[in-house]
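Structure first, commentary second.
Each value in this text was obtained by applying a stated rule to the coordinates, not by laboratory testing. On a predicted model such as this, the values are computed, not experimentally measured, just so you know. In this analysis, Cβ positions are derived from the backbone assuming ideal geometry, glycine residues included, and neighbour counts consider all displayed protein chains.
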Amino acid sequence: MTPASLDETLVAAAQAGSTEAFSRLVERHQQALRAFLRRACGDWAQADDLAQETFLAAWSRIGRLKAGASVRAWLCGIGYNKHLTSIRSAGRERARASAYEADRDPTLDASAEDKLALERAMAGLPAEQRACVALCLAADFSHAEAAEALDMPLGTVKSHVTRGRARLLQALGVYDDAS
Amino acid sequence: MTQADDRLKALFAQGEPPAHDPVFTTTVMERVMRRRFQEEVALLCVVSLGGGGAFWLVWPTLQPALVAISQGLAPALGAIVLAICALMILGGRPASALGLES
């Protein structure tokens, strides 16, 4: 059974009310969703909270998921909307960000410095651009999949990814061998 | 894919959540089950209140009718209740329980 057909089977069972099938969907997709939310919001604890909220919302809305639709993209779409809702409270967001920075270990090796530079550059991107980068550059989503998940036009996703990628590479001091 | 993309991907891959995280899955499912329970309790409350309210509304009409038919129905109801009790006690197989079946 392919992963997509297994997902379809599990979704059909969950739509019929099986919590066991939904639990398997959570297990299968928690990594992708949490990784996306960690990259999109930069705060791991908040990302995990959002991921839990996303799965709760998914359980309530599982009946609306169309047959054959990508579960991963659907979950990332719900998670992205939850993330957008959470960043509307800008004051709380700033407080979290500063606490996160304060908790960091100041002694970092070269790789950790690169990772920190990447996270800082990601934090500097607008939320939409950041979400596109997190899906397309880090999670191997196609532009079309990301456009569907984030409910954005395909051209917008492409331009967000191109601009975001350029800014990240610039922040890392990496020469772009594609250009 | 270019070397720059490979480097970005490698950096993004650091700090990836584990592929299997039973603690996270259990926490989510606990919350799902709690929500499901709350929804069921809320539904039962609504149904009970609605049923109680409807019964309260029709009771003045229902009471005289019940009183009128109860005397005629009482013997038949008694016999039905006794038959159901006997079936439950005999495990649903009265013939074999009474030795009428080999």
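By the gyration tensor of its Cα atoms, with a ≥ b ≥ c the square roots of the eigenvalues, what is the shape of the protein assembly as shown: rounded for a/c under 1.5, prolate for a/b over b/c, or oblate?
It comes out prolate by the Cα gyration axes.
In peptide A:57-68, how many Cβ atoms from other protein chains are near each Cβ within 10 Å, on average?
The per-residue average across the peptide is 1.
Pairs on different chains or at least eight residues apart, Cα atoms closer than 23 Å: how many lysine pairs in the protein assembly as shown fit?
Values: A:K66/A:K82; A:K82/A:K158; A:K115/B:K9; A:K158/B:K9.
So the count of such lysine pairs works out to 4.
Neighbouring Cβ atoms within 10 Å as the yardstick, rank A:K66, B:K9 fewest first. Don't jump to the answer; show the numbers that get you there.
On the way: A:K66 7, B:K9 14.
Ordered from fewest to most neighbouring Cβ atoms within 10 Å, A:K66, B:K9 come out as A:K66, B:K9.
Students often check this: by mean Cβ neighbours within 10 Å, which of A:138-148, B:53-63, B:32-42 ranks highest, and how do the rest follow?
So the peptides A:138-148, B:53-63, B:32-42, ranked by packing, come out A:138-148, B:32-42, B:53-63.
Where the centroid of each part is defined by its Cα atoms, how far is region B:1-72 from region A:1-56 in Å?
Going from one Cα centre to the other spans 17 Å.
Could you list A:Y80, A:Y175 in order of exposure, starting from the residue whose Cβ has the fewest other Cβ atoms within 10 Å?
Ranked by crowding around the Cβ, least crowded first: A:Y175, A:Y80.
Rounded, prolate or oblate: which one fits chain B, using the alpha carbon gyration tensor with axes a ≥ b ≥ c (rounded when a/c is under 1.5, else prolate when a/b beats b/c, else oblate)?
oblate
Using the Cα gyration tensor of region A:6-172, with a ≥ b ≥ c the square roots of its eigenvalues, what is the shape: rounded (a/c below 1.5), prolate (a/b larger than b/c) or oblate (neither)?
It is prolate, given that a/c is not under 1.5 and a/b is the larger ratio.
Excluding B:M29 itself, what net charge comes from residues whose Cβ is under 13 Å from its Cβ, given Lys and Arg +1 and Asp and Glu -1?
Numbers: positive: A:R24, B:R31, B:R34, B:R35, B:R36; negative: A:E20, A:E27, B:D21, B:E30.
Result for the local shell: +1.
Mind listing the phi-derived Karplus ³J(HN,Hα) values for region A:71-88, rounded to whole Hz, using 6.51, -1.76 and 1.60 with θ = phi - 60°, and x for any glycine or proline?
Here the 3J(HN,Hα) series is 5, 4, 5, 4, 5, 5, x, 5, x, 4, 5, 5, 4, 4, 4, 5, 7, 5 Hz.
Provide the net charge surrounding A:A138, with neighbours chosen by a C-beta distance below 10 Å and charges set as Lys +1, Arg +1, Asp -1, Glu -1.
Cβ neighbours under 10 Å give a net charge of +1.
Arrange the following residues from fewest to most other Cβ atoms within 10 Å of their Cβ: A:R34, A:R64, A:R28.
Ordered by Cβ neighbours within 10 Å, fewest first: A:R64, A:R28, A:R34.
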